[in-house]
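Read through the structure below, which is laid out as C-alpha coordinates, and then see the notes.
The values are calculated or read from the model by the stated rules, or taken from the named source; none is laboratory data. Keep in mind it's a predicted model, so treat the numbers as computed, not measured. A quick note on method: Cβ atoms are made from the backbone with ideal geometry, for glycine too, and the neighbour counts reach across all protein chains shown. Heads up: the accessible areas ignore ligands, DNA and RNA and are worked out on the full protein's heavy atoms, side chains in. Shrake-Rupley method; radii C 1.70, N 1.55, O 1.52, S 1.80 Å.
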Amino acid sequence: MNAPPIPEAPRKLRVATVSLGGCFGCHMSLLDIDERLLELIEKVDFDRSPLTDIKTVGECDVGLIEGGLCNAENVEVLRAFRAHCRVLVAVGACAITGGLPALRNHLDVGDMLQSVYGEVPDDPELPLPLNRVLPIHEVVHIDHALPGCPPPADAFWQLLQDLIAGRTPVQAPGLIRYD
(Lines give C-alpha, C1' and ligand atoms only; values in the text may rest on other atoms or scores of the structure.)
Protein backbone atom coordinates (compact mmCIF):
# COMPACT_ATOMS: atom_id res chain seq x y z
CA MET A 1 0.00 0.00 0.00
CA ASN A 2 1.37 3.42 -0.96
CA ALA A 3 1.48 6.13 1.68
CA PRO A 4 -0.22 9.40 0.78
CA PRO A 5 2.21 12.09 -0.31
CA ILE A 6 3.43 14.44 2.38
CA PRO A 7 2.14 17.94 1.62
CA GLU A 8 4.90 20.35 0.76
CA ALA A 9 5.47 23.01 3.40
CA PRO A 10 4.90 26.55 2.15
CA ARG A 11 8.12 28.32 1.23
CA LYS A 12 9.38 30.66 3.92
CA LEU A 13 10.11 34.25 3.01
CA ARG A 14 13.77 35.22 3.25
CA VAL A 15 14.14 38.46 5.24
CA ALA A 16 17.24 40.59 5.76
CA THR A 17 17.83 43.78 7.73
CA VAL A 18 20.52 46.43 7.72
CA SER A 19 21.23 49.62 9.62
CA LEU A 20 22.85 52.69 8.07
CA GLY A 21 23.29 56.11 9.76
CA GLY A 22 20.96 56.00 12.75
CA CYS A 23 20.65 54.77 16.30
CA PHE A 24 19.62 51.10 15.79
CA GLY A 25 16.31 51.89 17.54
CA CYS A 26 14.27 50.46 14.68
CA HIS A 27 16.02 47.11 15.05
CA MET A 28 15.33 47.21 18.78
CA SER A 29 11.65 47.84 18.03
CA LEU A 30 11.61 44.83 15.70
CA LEU A 31 13.05 42.73 18.52
CA ASP A 32 10.29 44.09 20.77
CA ILE A 33 7.80 41.79 19.07
CA ASP A 34 9.10 39.51 21.83
CA GLU A 35 7.69 35.98 21.86
CA ARG A 36 6.07 36.56 18.46
CA LEU A 37 9.62 36.15 17.08
CA LEU A 38 9.13 32.41 17.58
CA GLU A 39 5.96 32.51 15.47
CA LEU A 40 7.73 34.67 12.89
CA ILE A 41 10.63 32.21 12.58
CA GLU A 42 8.10 29.56 11.54
CA LYS A 43 7.26 31.73 8.50
CA VAL A 44 10.53 33.45 7.58
CA ASP A 45 14.21 32.69 7.33
CA PHE A 46 16.47 35.53 8.42
CA ASP A 47 19.45 36.35 6.27
CA ARG A 48 21.58 39.34 7.34
CA SER A 49 20.17 40.63 10.63
CA PRO A 50 21.08 41.10 14.29
CA LEU A 51 19.42 37.73 14.94
CA THR A 52 21.86 35.87 12.70
CA ASP A 53 24.99 38.03 12.79
CA ILE A 54 25.42 37.32 9.05
CA LYS A 55 27.53 40.17 7.62
CA THR A 56 26.64 39.82 3.93
CA VAL A 57 23.25 39.54 2.29
CA GLY A 58 22.08 36.80 -0.03
CA GLU A 59 19.05 36.90 -2.32
CA CYS A 60 16.06 37.93 -0.18
CA ASP A 61 12.35 38.42 -0.55
CA VAL A 62 12.17 41.31 1.92
CA GLY A 63 14.79 43.80 3.05
CA LEU A 64 14.17 46.06 6.04
CA ILE A 65 16.52 49.02 6.16
CA GLU A 66 16.88 51.66 8.86
CA GLY A 67 19.03 54.78 8.97
CA GLY A 68 19.85 57.59 6.61
CA LEU A 69 22.76 57.96 4.23
CA CYS A 70 25.52 59.83 6.06
CA ASN A 71 28.60 58.68 4.16
CA ALA A 72 29.83 56.93 1.01
CA GLU A 73 29.94 53.56 2.77
CA ASN A 74 26.21 53.87 3.62
CA VAL A 75 25.46 54.46 -0.09
CA GLU A 76 27.52 51.42 -1.11
CA VAL A 77 25.79 49.19 1.49
CA LEU A 78 22.34 50.46 0.43
CA ARG A 79 22.91 49.81 -3.28
CA ALA A 80 24.22 46.28 -2.62
CA PHE A 81 21.30 45.59 -0.25
CA ARG A 82 18.74 46.85 -2.79
CA ALA A 83 20.27 44.62 -5.47
CA HIS A 84 19.63 41.54 -3.30
CA CYS A 85 16.11 42.35 -2.04
CA ARG A 86 12.96 41.81 -4.09
CA VAL A 87 10.98 44.14 -1.78
CA LEU A 88 12.69 46.96 0.13
CA VAL A 89 11.07 48.60 3.15
CA ALA A 90 12.40 51.92 4.48
CA VAL A 91 12.01 51.67 8.26
CA GLY A 92 11.87 54.69 10.54
CA ALA A 93 12.33 58.43 10.23
CA CYS A 94 16.04 58.29 9.38
CA ALA A 95 15.51 56.01 6.35
CA ILE A 96 12.43 57.92 5.19
CA THR A 97 13.51 61.55 5.78
CA GLY A 98 17.09 61.50 7.06
CA GLY A 99 15.80 61.83 10.63
CA LEU A 100 17.94 63.23 13.41
CA PRO A 101 21.25 62.75 11.53
CA ALA A 102 19.90 65.18 8.90
CA LEU A 103 19.99 67.97 11.48
CA ARG A 104 23.57 68.49 10.32
CA ASN A 105 22.42 69.28 6.78
CA HIS A 106 22.56 73.04 7.33
CA LEU A 107 26.22 72.81 8.38
CA ASP A 108 29.31 72.68 6.18
CA VAL A 109 30.86 69.21 6.56
CA GLY A 110 34.44 70.50 6.26
CA ASP A 111 33.85 73.16 8.95
CA MET A 112 32.21 70.56 11.17
CA LEU A 113 35.13 68.11 10.84
CA GLN A 114 37.61 70.91 11.44
CA SER A 115 35.72 71.96 14.56
CA VAL A 116 35.48 68.43 15.96
CA TYR A 117 38.93 67.08 15.06
CA GLY A 118 40.98 70.27 14.72
CA GLU A 119 41.68 69.22 11.13
CA VAL A 120 39.86 67.39 8.38
CA PRO A 121 40.77 63.69 8.87
CA ASP A 122 42.52 62.12 5.89
CA ASP A 123 42.47 58.42 6.64
CA PRO A 124 41.41 55.87 4.00
CA GLU A 125 39.80 53.79 6.78
CA LEU A 126 37.24 56.54 7.44
CA PRO A 127 34.19 56.62 5.17
CA LEU A 128 33.84 59.83 3.19
CA PRO A 129 30.98 61.89 4.69
CA LEU A 130 28.29 63.11 2.33
CA ASN A 131 27.65 66.85 2.14
CA ARG A 132 24.17 66.19 3.48
CA VAL A 133 22.35 63.24 5.02
CA LEU A 134 19.97 61.67 2.50
CA PRO A 135 16.85 59.55 2.89
CA ILE A 136 17.27 56.23 1.11
CA HIS A 137 14.64 56.90 -1.57
CA GLU A 138 16.96 59.55 -3.04
CA VAL A 139 19.40 56.79 -4.03
CA VAL A 140 17.32 53.61 -4.61
CA HIS A 141 13.71 52.63 -5.18
CA ILE A 142 11.81 51.65 -2.05
CA ASP A 143 8.64 49.58 -2.16
CA HIS A 144 7.17 50.38 1.26
CA ALA A 145 7.83 52.68 4.19
CA LEU A 146 7.24 52.06 7.89
CA PRO A 147 7.31 55.47 9.63
CA GLY A 148 8.10 56.22 13.24
CA CYS A 149 11.06 56.97 15.44
CA PRO A 150 11.10 54.08 15.95
CA PRO A 151 8.02 52.35 14.54
CA PRO A 152 6.22 50.41 17.29
CA ALA A 153 6.68 46.65 17.49
CA ASP A 154 3.03 46.06 16.54
CA ALA A 155 3.57 48.03 13.31
CA PHE A 156 6.54 45.77 12.45
CA TRP A 157 4.44 42.73 13.22
CA GLN A 158 1.58 43.89 10.99
CA LEU A 159 3.95 44.81 8.14
CA LEU A 160 5.58 41.38 8.25
CA GLN A 161 2.22 39.59 8.49
CA ASP A 162 0.96 41.48 5.43
CA LEU A 163 4.11 40.68 3.43
CA ILE A 164 4.03 37.00 4.46
CA ALA A 165 0.39 36.79 3.36
CA GLY A 166 1.19 38.48 0.03
CA ARG A 167 -0.83 41.58 0.90
CA THR A 168 0.22 45.18 0.31
CA PRO A 169 1.06 46.58 3.75
CA VAL A 170 -1.28 49.29 4.99
CA GLN A 171 0.10 51.88 7.40
CA ALA A 172 -1.75 52.39 10.62
CA PRO A 173 -3.07 55.99 10.59
CA GLY A 174 -1.49 56.71 13.98
CA LEU A 175 2.04 56.27 12.59
CA ILE A 176 1.89 59.56 10.69
CA ARG A 177 1.70 62.35 13.22
CA TYR A 178 3.46 65.51 14.24
CA ASP A 179 3.98 65.72 17.98
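Summary table below
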quantity	calculated
Solvent-accessible ranking of His144, His137, largest area first, probe 1.4 Å	His137, His144
GluC sites (Glu not before Pro) within the range 109-152, DSSP loop, no more than 15 other Cβ atoms inside 10 Å	Glu119, Glu125
DSSP-loop trypsin sites (Lys or Arg not before Pro) across the range 99-176, with at most 11 other Cβ within 10 angstrom	Arg167
The range 81-132 pair-distance distribution - Cα-Cα, 10 Å bins, rounded %	20, 36, 30, 13, 1
Fraction of accessible area attributable to carbon and sulfur, the chain (%, probe 1.4 Å)	56 percent
Gain on full stretching of the segment that runs from Asn131 to Glu76 - 0.36 nm per residue minus C-alpha separation	18.2 nm
Unit Cα scatterers, Debye sum, the range 13-172: log10 I(q)/I(0) for q = 0.12, 0.15, 0.16 Å⁻¹	-0.53, -0.78, -0.87
Calculated FRET efficiency for the pair Glu59/Ala165, C-beta based, R₀ 25 Å, to 0.05	0.75
Value at 222 nm in deg cm²/dmol, rounded to 500, when DSSP H runs of n ≥ 4 in the chain each add -39,500 (n - 2.57)	-8500 deg cm²/dmol
Qualifying GluC sites (Glu not before Pro) for the range 13-43 [loop in DSSP, other Cβ within 10 Å: at most 11]	Glu35, Glu42
Bridge type composition, the chain - antiparallel percent by DSSP, nearest 5	15 percent
